[in-house]
Amino acid sequence: MPAIATNPRRRIPMTQFHNAMGEFLDQAMRTPIILTSHGRDKQIVADLAYVERLEAIARGNIIDALQIEVHSTRDMPAAMKARILATQPTPEEIASGRWNDD
């Protein structure tokens with residue numbers, strides 16, 4: 001299976017993790033760390049809430065997992081609606097397959 005591009009994570013040898021476990025567990029609360037054995041990635045230590053969000057996303061509950069608030073356009077200020085509509089491509093731009101995405 002090909003590797004998926006991700007943000008660079010801190011990699012810690014398992015023996016180093018074992019010797020300073022508390023310190024690394026504290027770090028893993030902020031950002032996941034990867035444990036290595038003989039230079040190869042073996043395990044990941046991550047905050048439980050992080051893993052639960054990933055699992056919710058994997059189940060298809062993206063909006064809930066990312067805590068996205070969905071609002072009706074009825075509640076949107078007119079100026080914001082106008083700005084959004086101004087960014088939409090014209091029918092001609094869509095037909096040509098090109099539009100300015102400034």
*Working only within the stretch 59-83, note down all residues that are part of a loop (DSSP other than H, G, I, E, B) and of a type in the set (Ser, Thr, Tyr).*
SER72
_Taking the condition of being in contact (Cβ under 8 Å) with a residue 12 or more places away in the chain and in a loop (DSSP other than H, G, I, E, B), how many residues in the stretch 19-58 meet it?_
4
*Positions within the stretch 51-102 being farther than 23 Å from ARG30 by Cα and touching a helix residue (DSSP H, G or I) at 6+ places or on another chain (Cβ under 7 Å), in sequence order*: VAL70, THR73, LYS81, TRP99
*Across the stretch 62-89, which residue is nearest to TYR50 (Cα to Cα) among those that are among the β-branched types (Val, Ile, Thr) and surrounded by 10 or more Cβ atoms within 10 Å (Cβ to Cβ)?*
ILE62
_Being over 29 Å from ARG10 (Cβ atoms), surrounded by 10 or more Cβ atoms within 10 Å (Cβ to Cβ) and modelled with pLDDT of 80 or more is true for just one of GLU52, GLU93. Which residue is that?_
GLU93
*Some residue of the stretch 35-45 being under 18 Å from the mean Cα position of the chain (by Cα), among the aliphatic types (A, V, I, L, M) and surrounded by fewer than 10 Cβ atoms within 10 Å (Cβ to Cβ)*: no
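The values are calculated or read from the model by the stated rules, or taken from the named source; none is laboratory data. Note that the structure is predicted; figures quoted are calculated from it, not measured. Methodologically, a virtual Cβ is constructed for each residue, glycine included, from the backbone with ideal geometry; neighbour enumeration extends over all protein chains shown.
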